[in-house]
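This report refers to the structure that appears directly beneath it.
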Amino acid sequence: MNEWTLYRILLAAFFLLAAAAFAAIRFIPVPYGRHNRQGWGLQVKAYVGWLLMESPSFFVFALFFLLKAGTAGAVGVVFLVLWEVHYFQRSFVYPLLIRSRQTRMPLIIILMAMTFTTWNSYLNSRFLFHFSGGYPSGWLTDPRFLLGVVFFVAGLAINWHSDWILRRLRKPGERTYQIPRGGLFRFVSCANYFGETIEWAGWAMATWSLPGLGFAIWTVANLGPRARSHHLWYQRHFPDYPKKRKAYIPFLF
């Protein structure tokens, strides 16, 4: 079996498992953060878990870029920068900003997430820098690329700003939850998830690729049900929770 055949199998499985993940997370909230609970085995400190979960995306993508650095072209460099900016922050900055150093998450969830991030990064980077044959420099002015980059940067800004609002709700060491306010939290319970969804929708548009689309679908499959679980949690724990606020998508859901 050559790599292209293996790649297509992995890509098809990626799409199929997104549907299964959506169904599973819809009924069984992934046990970390406010939904963490006993019965999932060994627990690891959350800031360590986030580093382990997210860093494969940073390193795998960089590796496949370096293997084709001489032929990646200007478009490939832009894709590298967008991806690595997100995952440098998510892998190495975000874990350091977690206020409670005692918060934990199950090791099994970390291992599952590492499998996903390695798989996803391979699919995206191997396509962009190898199987695509390279993007021509004219792609830099294509409306799909330009609009996709705008969406990506806007989603990144929403995500980072929303995370900043959430961090400000706690003092260092605190583990209590409060109602987030400001920014897009005026409209949704999970503005950070909405921002990340916009980001990877932009990525799918800018790359105009099946692995990019697969990642965008996985983002919705993962974050949509989790946003719903967060929203219901807020409603149960705060009687004064804003009635008009949606869970995930402003004015819709």
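What follows draws every value from the coordinates through simple rules; no lab data is involved. Fair warning: this is a prediction, and the values are worked out from it, not measured in the lab. So basically every Cβ, Gly included, is an ideal-geometry build from the backbone, and we count neighbours across all protein chains shown.
First check a/c for the range 120-253, with a ≥ b ≥ c the square roots of the eigenvalues of its C-alpha gyration tensor; if it is under 1.5, answer rounded, and if not, answer prolate when a/b is larger than b/c or oblate otherwise. Verdict is prolate for the range 120-253. Simple point charges give the picture: +1 on the Cβ of Lys and Arg, -1 on the Cβ of Asp and Glu, and for the chain a dipole about the Cα centre of about 1260 debye.
Summing charges over neighbours of Tyr122, with a neighbour being any other residue whose Cβ is under 14 Å away from its Cβ, gives +2 when K and R count +1 and D and E count -1. What are the aspartates and glutamates whose alpha-carbon lies under 20 Å from the alpha-carbon of Lys171, with same-chain residues fewer than 8 places away excluded? Counting by Cα, and skipping residues close in sequence, Lys171 has these aspartates and glutamates nearby: Asp163.
On C-alpha positions alone, give me the angle between the axis of helix 46-67 and the longest principal axis of the chain, in degrees, nearest 10. With rounding to tens, the tilt is 10 degrees.
Sparsely packed loop sites in the range 126-194 (the trypsin sites (Lys or Arg not before Pro) outside DSSP H, G, I, E and B with at most 13 other Cβ atoms within 10 Å) comprise Arg175, Arg181. Would you look at the GNM of the chain, springs on alpha carbons closer than 10 Å, and say which of Ala113, Ala13, Ala206 moves the most? Of Ala113, Ala13, Ala206, the Gaussian network model singles out Ala13 as fluctuating most. Sorting 199-205, 114-120 by their mean Cβ neighbour count within 10 Å, with the most densely packed peptide first, gives 199-205, 114-120.
Neighbours of Ile158, meaning other residues whose beta-carbon lies under 10 angstrom from its beta-carbon, give a summed charge of -3 when Lys and Arg score +1 and Asp and Glu score -1. Peptides 223-233, 151-161, 18-28 ranked from most to least packed give 223-233, 151-161, 18-28, packing being the mean of other C-beta atoms within 10 angstrom over each peptide's residues. Applying 1/(1 + (r/R0)^6) with r as the Cβ-Cβ distance of Ile98 and Leu147 and R0 = 41 angstrom yields a FRET efficiency of 0.75.
Summing charges over all other residues whose Cβ lies under 14 Å from the Cβ of Gln89, with Lys and Arg as +1 and Asp and Glu as -1, gives -3. Length gained on full extension, Leu17 to Trp4, computed as 0.36 nm times the residue gap minus the Cα-Cα distance: 2.7 nm. Ordered by the number of other Cβ atoms lying within 10 Å of each residue's own Cβ, fewest first, Tyr241, Tyr7 fall into the sequence Tyr241, Tyr7. When the Cα gyration tensor is reduced to axis lengths a ≥ b ≥ c, the ratio a/c is 1.5 or higher for the chain, and with a/b above b/c it is classed as prolate. Residues considered: Pro211, Pro136, Pro106. Largest GNM mean-square fluctuation over the chain, using C-alpha springs under 10 Å, is found at Pro136. For the pair Tyr177 and Met112, label points projected 7 Å from Cα toward Cβ lie 1.8 nm apart.
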